[in-house]
Amino acid sequence: SQPLGKTPLVKPRRWTAATLTLLGLYAAVSLSVAVRGSLGVRVFSEAHNAQRFGYVGAHGFQALRLLRDLGAPPLTEEERADTFAQLRTRRAAAPAQGRGIAAGANLVILQVEALQQWAVDAEIDGTPVMPFLSQAHERALAYDRIYDQTLQGRTSDAEYLVLGSGHALPEGALSFLRADNEFRTIVHALTDQGYASYSAHPYQRGFWNRSVLHPAYGFERSDFKAELGRGPKSGWGLADGPFLERFDQRLAKLPEPFVAFGITLSLHHPYKSFPKSLSELDVGKLGKSWVGNYLQAMNHFDRSLAAWLADMEARGQLEHTVVVVYGDHVTGMDLNDQVAELAGVSDERYTEMRMHRVPAFIWVPGQGMHGRRAMVGGQIDLGVTALHLLGVDPPVAAVGTPLIGDGPGFAAFPTGGAVAADHMLVRRGGSTPTKGACIDPRQPGGRTRAECDALEQRALEQLDLARRVLDHDLYRDAEAAR
């Protein structure tokens, strides 16, 4: 019994248990809220989650996120058969023109951070910002109507779009949410033909889950920040000049034929600064503004690209290598007076969507193929275009189209919008009508919504097909059903 006049004490173990229970409930609720909110889809690396939630919390967060994203119900046998039939039909419709003209050549793909189309032709007081790329059409195929098809996965989406020729998820980054898929990419198509494979990026291997995704995309070897080493930095990591030098050193030693994939870091949004030691462009009144820093980064990349290609040419490797260079996504800067002036546009209601373009260039060895191409396309078309030139069949699950010839072209956006030669369906933006707006993609001016109905249907069919493959991991089954 307790002494008279004293309140019985709750045992310490009960206090501990109660406290742990409350903390556990609080943690569970917090993680659940995080998963349902923007953090649940905006994951850049698991290391960042560990910093947010601790190691145990990070595992809990991942488990809840996986439960949330178990995916759609399984496809019926009829739906699977229909999916494979649609894929085979698309494959059979590929153009014959240009196929195999670079058979046996190496393939190098360079994905450039935030390279947007308007920057290529921009000038400051008559001085080109990117003098090399602005004249690249004299030796390369230059596509200026390639639309950014990424969404929340941004750079990681672009990797899949080009290598896998499929669409991004409508929410979240597939680099995490679909990381267990058995992908079948253009890299696999080439390694099946005896190609060696290699990828490089001057940042942490865990960022965007690349340590998992690059092997899954078919790369036999990958180098990241630790392997590429230290050097002059621009923004988050190794500047483009030294990165391309080290990338090139590895290309020179790869057994041929090979497929290689490089991802530059350039200056990442929000472009708050750019190293003075790398700045050679006189940006005038733009000074140290975001726009000025961005243009310095693009100018630095342009010089670095020219030097890299010159080195490849000097050792005789460029003459038997297809080189693809493209922007991974638009800058993320709002359209302001400075950008509008540099881009030569007026700030109309849908100007940003008309400018939602990234440039693409393809150097084709020994064929005299060069010049500007006005075909509309998306990033999902670039990898299969390279395979077409090499004479290699794309993966059956690829939904992109080789950008060969003078056709009008087409690109679907992950939001359900789309663009063709003279019609664009806009489905994003706070002032956009619920059913979307139909506009002219080349100049200010609207069209009736009904004029975009056929375009919308085509986009939705392509998105549905690509996401069936992605959500149900049908890559290998599509190959088996060919």
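Computed from label points 7 Å out along Cα-Cβ, the spacing between Arg221 and Lys435 is 5.7 nm. Each peptide in 398-409, 432-443 was scored by the mean count of other Cβ atoms within 10 Å over its residues; highest first, the order is 398-409, 432-443. Mean residue ellipticity at 222 nm, helices only, the chain: -11500 deg cm²/dmol; runs of at least 4 DSSP H residues each add -39,500 (n - 2.57), and the sum is divided by the number of residues.
Averaged per residue, segment 206-304 has 42 square angstrom of accessible surface, using a 1.4 angstrom probe with ligands and nucleic acids left out. In the list (1) 40, 28, 26; (2) 48, 38, 22; (3) 37, 30, 22, the label attached to semi-axes √(5λ) of the Cα gyration tensor in Å as derived from the coordinates here is (1).
For Gln249 and Glu280, the FRET efficiency from 1/(1 + (r/R0)^6), where r spans their Cβ atoms and R0 equals 22 Å, is about 0.40. Charged neighbours of Gly429, selected by a Cβ distance under 10 Å, balance to +2 (K, R count +1; D, E count -1).
As a size descriptor, the averaged projected area of the C-alpha convex hull of segment 372-424 was calculated at 4.1 nm². Assuming charge only on the beta carbon of Lys and Arg (+1) and of Asp and Glu (-1), the dipole of the chain about its Cα centre is about 2000 debye to the nearest 20. Too long at a 19 Å Cα-Cα cut-off: which of Lys225/Lys276; Lys233/Lys276; Lys225/Lys288? Listed pairs above 19 Å: Lys225/Lys276; Lys225/Lys288. In this simple spin-label model, placing a label point 7 Å from the Cα along the Cα-to-Cβ direction at both Thr89 and Asp334 gives a separation of 4.5 nm. Taking the longest Cα principal axis of the chain as reference, the axis of helix 77-92 is set at about 30 degrees. Across segment 285-429 the C-alpha pair distances fall into 5 Å bins from zero in the proportions 2, 7, 14, 17, 18, 16, 14, 8, 4, 1, 0 percent. A simple rule links phi to the HN-Hα coupling: the Karplus curve 6.51 cos²θ - 1.76 cosθ + 1.60 with θ = phi - 60°, which for segment 104-121 gives x, 6, 6, 10, 10, 10, 10, 9, 10, 4, 6, 6, 9, 4, 4, 5, 4, 9 Hz, with x for Gly and Pro. Diagonalising the gyration tensor over the Cα atoms of segment 177-328 and scaling each eigenvalue by 5 before taking the square root yields semi-axes of 29, 20, 13 Å, largest first. By its C-alpha gyration tensor, with a ≥ b ≥ c as the square roots of the eigenvalues, how is segment 139-245 shaped: rounded for a/c under 1.5, else prolate for a/b larger than b/c, else oblate? It comes out rounded by the Cα gyration axes.
Note on Ala480 and His137: the extension gain reaches 119.5 nm, defined as 0.36 nm multiplied by sequence separation minus the Cα-Cα distance.
Calculate what fraction, in whole %, of the accessible area of segment 278-359 sits on carbon and sulfur atoms when a 1.4 Å probe is rolled over the protein chains. With neighbouring chains kept in place, the figure for segment 278-359 is 47 percent.
For the chain, the longest principal axis of the Cα atoms and the long axis of helix 240-251 meet at an angle of about 80 degrees. Between the amide H of Lys233 and those of Ala239, distances stay under 5 Å, these residues lying 5 or more places away or on another chain, with hydrogens modeled in the peptide plane. The angle separating the long axis of helix 46-68 from the principal Cα axis of greatest extent in the chain is about 90 degrees.
Centre-to-centre, using Cα atoms only, segment 201-262 and segment 403-427 are separated by 32 Å.
The values are calculated or read from the model by the stated rules, or taken from the named source; none is laboratory data. Please read these numbers as outputs of a predicted model, since none were measured by experiment. Cβ sites come from the backbone with ideal geometry, for glycine too, and all protein chains shown count toward neighbours. Ligands, DNA and RNA are excluded from the accessible area calculation, which covers all protein heavy atoms including side chains. Shrake-Rupley method; radii C 1.70, N 1.55, O 1.52, S 1.80 Å.
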